[in-house]
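Note sheet for the following structure.
The values are calculated or read from the model by the stated rules, or taken from the named source; none is laboratory data. Being a predicted model, the structure only gives us computed values, none of them experimental. No Cβ is skipped: glycine too gets one built from the backbone with ideal geometry, and neighbour counts run over all protein chains shown.
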Amino acid sequence: MLRLRVRSAASAVFVAVALVLTLNGQSPTAPSFRIENIGLPAVEETAAIWSEARPGGRVDAIKRAARDTSTANSRTGASGRAYTPGRVIVRFRDDVPVAERRAVARLGSNTAEVSERPSYADFDIVRIDATEDAEAVAAALAARPQVVYAQPAYHVHASMVPNDPNYTTLQWNLPLVDLERAWDIQPDGASTVVVAVLDTGVAYRNATINVNIPAFRNAGVNYPALGPSVVPYAGAPQLIGANGANASRIVAPFDILSNGTNPPLDLEGHGTHVSGTIGQLTNDNIGEAGIAFNVKLMPVKVLGSFWDVKFGFAPFEGGSDDDVARGLHYAADNGAKVINMSLGSSGPSNCASAPSTPGCSPTIEAAIRYAIGKGAFVVVAGGNEFEDVDPDFGANPTSVLAEIASRIPGAVSVAAVDPQKNRAFYSSTGAYIELAAPGGTSRGFGRGGFIFQQTFDFNFTDTFDPTVVPPSQYRAPRFDVLANIGIVGTSMAAPHVSGIAALLMQQGITDPAAIEDALEKSAQDIGTPGRDPSFGFGLVDARNALRGLGLTR
Amino acid sequence: MKTTIAALMVFCALAAPAAAQDEPSISIRPFVFGSVQSFAAVDTFDAVFGRSYDPFFGGGLQAVFGGTFYVELSASRFRQTGQRAFISGGQKFRLGIPLTATIVPFEVSGGYRFRFSPRVRPYVGVGVGSYQYKETSTFSDPAEDVDVRHAGVLVNGGAEFRVHRWVGIGAEVEYSHVPGILGTGGVSLQAGEKDLGGVAGRLKLIVGR
């Protein structure tokens, strides 16, 4: 069953500053745990229709619009197939001399000219007036004895339209960045590129967590201690394949918070969702598609979540600058070529000129520079605080990490757009925004506004949340039920850029600064012409970026 | 290559005494040629083709008046397949997407032929040209292909060696300047290069007196 996870924008991006929870009613018994390396496979939920869904809704409309642009120079013939007007493909018999070919072509149309034979072709192109019916001309030519076959230049669809069922119904975000035509150019899915996901961890393997769950207080509710509990945990099949068949794509997973003692298991779902946008398995008739669907993923856990704290895996929810900086070093030292950071923190806006100002993060700035120096391209979420008023930093506060990224060639900050390419209501604005990507919205589009990927079904994990599970039904969480979850935020926008960057690396641009340059120069300039505070250089365009440049265009 | 050219020069010099002495008042002479052009847009061509020089092949017709003044019409063609590319920070990245560029210059030039020796006639000339540029690449929509034409200017100079009463061989250098095609987009805009012309070394086979 399809589940929607409607989260506030602020909760979608994790705050990297220390946020120590007050644990009223916490059991005096310290949590203890043991993670076993065995576990049952995931329970995969399949999609159903959300009650607010509208037939023929916005998702389909956007997909149609995206495809229409690719068939601008086309005409639909009587056969119903679209073709390029003004030309007919003709295969003459080999023994027909050139002069006779011209004469035969004229028998099909008075305007026919046999043009230069294209390279790698055993046929000729006969040019005709663009207003003529190419199917009729082809039929006339095909009837001549000198002709083996003749046909219009029928259009073919992009070869790479994923068969994942939710791609066509839910993933408006991928056609919005022209990904289908990008996959035609780079069908490999970036199999040689490693993308590190600095996040809450990733559901990358099965496990069994034996843990002592203490009592706690949350949202005004006292939750009792559950004592020793067995928490099932499963890797996301859409990342590691059914029964872990694609588990080899996970490289060097590491939990910064425990300094490698624990595996970097995602106990929240955020990192798994982000990883899905970057590289969810694609064209497998299941769930959604991912952008760089063959990429190698490096889970690097730098953020703790609610259950991490309760299980004793992390001291607090979120992470801290040193965790993030260490994660950057770890990822760069272990071969990551793209590093996704769907995280951030509000802070002062003058860190560029006064880096010692309280609230600035020179440690992370140095770590980003280190990672780029090792050849990694760094992507940072632009922040979800547009509607927030921070007591210290005011309205629409600066996202410190994104601001750092904006000053370093080879790192980018990413804002979020909705399905109509408008700035998402939560997406922070400022001179530090460099690119925009689909982050989705929970306002005005219903289901069609969200970014869907496979991650944990929150009905089984967020048992601590009274809005999800009635306190009377409180139970230990399960991390083995995965569903197609919609989330919004610049956390979701950033992995679009990371995935495209991975494809671009595979395509041949390997220098981080050059990747940033290519992504910015190839972006669709939306909003105010030129760079602007809402979208930066514009909406990232996968096909434009991968296609590169000719001599003149 | 140098040895071949030197041998050709010696052959020309030692060839049968030319018919220079009895040049007609008007001589119409067809010719074919091959040339190697070093493009002015060095970074642009290097990014896409991996080098900034390439051959042109063509032919034309030359009218010589009184053995000294000449007018020449020629057409030639360059066609090369490289890769779409990207330039950033002085680095060139080739993206593996085939790109085929075709340049078809139509040139009209005229000049003066010096009477250096019976066998060797140096000459200099100036002219104008119309340069067609086509660019197609894999994964392009038809509207993304390029087919433009722009005017340019040229100067050239060289020498014609008579190897037979009816056959001459010309060796010349031509400089062309073709603005208006490069520099408006693509790699050439990134490289800041606006001239499709360059310097060409050309060998001509001329038939006629």
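So in segment A:324-335, with the set limited to residues that are out of contact with any Leu (no Cβ under 6 Å at 6 or more places or on another chain) and small (Gly, Ala, Ser), which one is surrounded by the fewest Cβ atoms within 10 Å (Cβ to Cβ)? If we take residues in segment A:324-335 being out of contact with any Leu (no Cβ under 6 Å at 6 or more places or on another chain) and small (Gly, Ala, Ser), then A:335 is surrounded by the fewest Cβ atoms within 10 Å (Cβ to Cβ).
Scanning for something small (Gly, Ala, Ser), at pLDDT 90 or above, buried (at least 16 other Cβ atoms within 10 Å of the Cβ) and in contact with a Phe, Trp or Tyr (Cβ under 7 Å, 6 or more places away or on another chain), does segment A:97-105 turn up at least one residue? No, that holds for no residue.
In summary, residue B:204 fulfils each of the numbered conditions (1) in contact with a Ser or Thr (Cβ under 6 Å, 6 or more places away or on another chain); (2) closer than 26 Å to residue B:31 by Cβ with the single exception of condition (1). Output the residues belonging to segment B:33-68 that are touching an Asp or Glu at 6+ places or on another chain (Cβ under 8 Å), of a type outside the set (Gly, Ala, Ser) and within 14 Å of another protein chain (Cβ to nearest Cβ). Correct list: B:39, B:42, B:43, B:44, B:45.
In this structure, residue B:128 qualifies as of a type in the set (A, V, I, L, M) and surrounded by fewer than 18 Cβ atoms within 10 Å (Cβ to Cβ).
Residues checked against (1) without any contact (Cβ under 8 Å) to a residue 24 or more places away in the chain; (2) over 23 Å from residue B:80 (Cα atoms); (3) in the same structural domain as residue A:83 (by TED's automatic domain parsing):
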position	(1), (2), (3)
A:96	no, yes, yes
A:100	no, yes, yes
A:104	no, yes, yes
A:110	yes, yes, yes
A:124	no, no, yes
A:127	no, no, yes
A:130	no, yes, yes
A:139	yes, yes, yes
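The sole residue among A:225, A:182, A:203 that is in a loop (DSSP other than H, G, I, E, B), touching a helix residue (DSSP H, G or I) at 6+ places or on another chain (Cβ under 7 Å), assigned by TED's automatic domain parsing to the domain that holds residue A:249 and not aromatic (Phe, Trp, Tyr) is A:203.
Tell me the strands (runs of 3 or more DSSP E) entirely within segment B:102-209 that contain at least 2 residues that are within 14 Å of chain A (Cβ to nearest Cβ) and over 17 Å from residue B:40 (Cβ atoms).
So the answer is B:120-137, B:146-164.
I'm trying to understand the selection: among the residues of segment A:266-322, which are under 30 Å from residue A:359 (Cα atoms) and of a type in the set (Asp, Glu)? Of everything in segment A:266-322, those that are under 30 Å from residue A:359 (Cα atoms) and of a type in the set (Asp, Glu) turn out to be A:266, A:268, A:308, A:317, A:321, A:322. The set of residues from segment B:34-64 being among the hydroxyl-bearing types (Ser, Thr, Tyr) and assigned to a strand (DSSP E or B) comprises B:35, B:38, B:53. Taking the conditions (1) buried (at least 24 other Cβ atoms within 10 Å of the Cβ); (2) within 14 Å of chain B (Cβ to nearest Cβ) in turn, residue A:535 satisfies each one other than (2).
Considered as a group, the residues in segment A:225-236 that are surrounded by fewer than 21 Cβ atoms within 10 Å (Cβ to Cβ) and out of contact with any Gly (no Cβ under 9 Å at 6 or more places or on another chain) include one that is nearest to residue A:281 (Cα to Cα), and that residue is A:230. Taken over segment B:69-101, the criterion of being within 14 Å of chain A (Cβ to nearest Cβ), out of contact with any Asp or Glu (no Cβ under 7 Å at 6 or more places or on another chain) and among the hydrophobic types (A, V, I, L, M, F, W, C) is satisfied by B:85, B:86, B:93, B:95, B:97.
Of the residues making up segment B:53-86, those that are touching a residue at least 60 places away in the same chain (Cβ under 8 Å) and among the polar types (S, T, N, Q) number 1. Exactly one residue out of B:62, B:80 is closer than 30 Å to residue A:503 by Cβ and at pLDDT 90 or above, and it is B:80.
Just to be sure before I move on: is residue A:515 surrounded by 24 or more Cβ atoms within 10 Å (Cβ to Cβ) and within 14 Å of another protein chain (Cβ to nearest Cβ) in the structure I sent? Judged against the criteria, residue A:515 is a match. If you go through segment A:336-388 and keep only what is outside any strand (DSSP E or B), surrounded by 22 or more Cβ atoms within 10 Å (Cβ to Cβ) and of a type in the set (S, T, N, Q), you end up with A:342, A:345, A:361, A:384.
Annotation note: of A:430, A:382, A:439, the sole residue that is modelled with pLDDT of 95 or more and in contact with a Pro (Cβ under 6 Å, 6 or more places away or on another chain) is A:430.
One residue alone among A:546, A:551 is within 17 Å of the chain's Cα centre (by Cα), within 12 Å of another protein chain (Cβ to nearest Cβ), at pLDDT 95 or above and over 18 Å from residue A:430 (Cβ atoms), and that residue is A:546.
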